Amino acid sequence: MRRVFKGRAVLAGNIEGRALVTQMGFNTYASFFTSMYAGEETATCSDKSNPQLYGKNLTDKIICLPNTVGSTSSGATWPNVAQLGIAPKAMLFSQQIDSLAAGGLVVTDVWTGNRIYAVDQLGDEFLEAVKDGDGIVIREDGTVTVE
């Protein structure tokens, strides 16, 4: 069943991809740690504290989450994963994006030219509706369609 949600476009654009969903906070640094330092061609989530994502491929996915958690190093993780070519396509937040994620994603866009699209304030119903593997369409105005 097709569902449409309206959020706030933080880093706008028109893209499509496949969902990867967590109901837990996303620890950016812990999730990408192993892949960043092992020189892997894809990012396998290495955050054992998030059993919903642990061991799953994050590269080119649209990660659907409530928010991010973790230390200040998480903001610096985004440019690294973008330059390594192992970043997700987008981050879709049910809640308001936190300052560390926003700062890291904006810096990534400006410094590396690699945009990781971001939409926030999609609501709890969004996270209840979307499932791993669902097709996602993101529009520049913050409209997100779950197919």
Fill in the blank from the handout: Between Cys64 and residues 5 or more places away or on another chain, the pairs with built amide H atoms under 5 Å apart involve Leu20, Val21, Thr22, Leu92
Problem - Among (1) 39, 32, 25; (2) 37, 32, 28; (3) 42, 36, 27, the entry that matches Cα extents along the principal axes in Å as calculated here - result: (1)
Problem - Helix 73-84 vs. the chain, principal-axis angle (Cα, 0 to 90°, nearest 10) - result: 90
Exercise for the section: Express in whole angstrom the spacing between the alpha-carbon centres of region 1-59 and region 71-147. Expected result: 8
Practice task
Note down the relative contact order for the chain as a percent, whole number, built from C-alpha pairs under 8 angstrom at least six residues apart.
Solution key: 36
Exercise for the section: Would you mind working out the magnitude of the charge dipole of the chain relative to its Cα centre, with +1 at each Lys and Arg C-beta and -1 at each Asp and Glu C-beta, to the nearest 20 Debye? Expected result: 60
Fill in the blank from the handout: Rounded to the nearest 10 degrees, the helix 28-38 long axis (Cα) sits at an angle to the longest Cα principal axis of the chain of 50
Exercise for the section: Report, to the nearest 10°, how far helix 99-112 tilts away from the longest principal axis of the Cα atoms in the chain, using its own Cα long axis and a range of 0 to 90°. Expected result: 70
Fill in the blank from the handout: Burial-style ranking of 37-46, 13-22, average other-beta-carbon count within 10 Å with highest first, yields 13-22, 37-46
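Read-outs throughout are calculated quantities, based only on the coordinates presented, and are distinct from any laboratory measurement. Remember, it's a predicted structure, so these values are computed and weren't measured experimentally. Cβ: placed from backbone, ideal geometry, glycine included. Neighbour counts: every protein chain shown.
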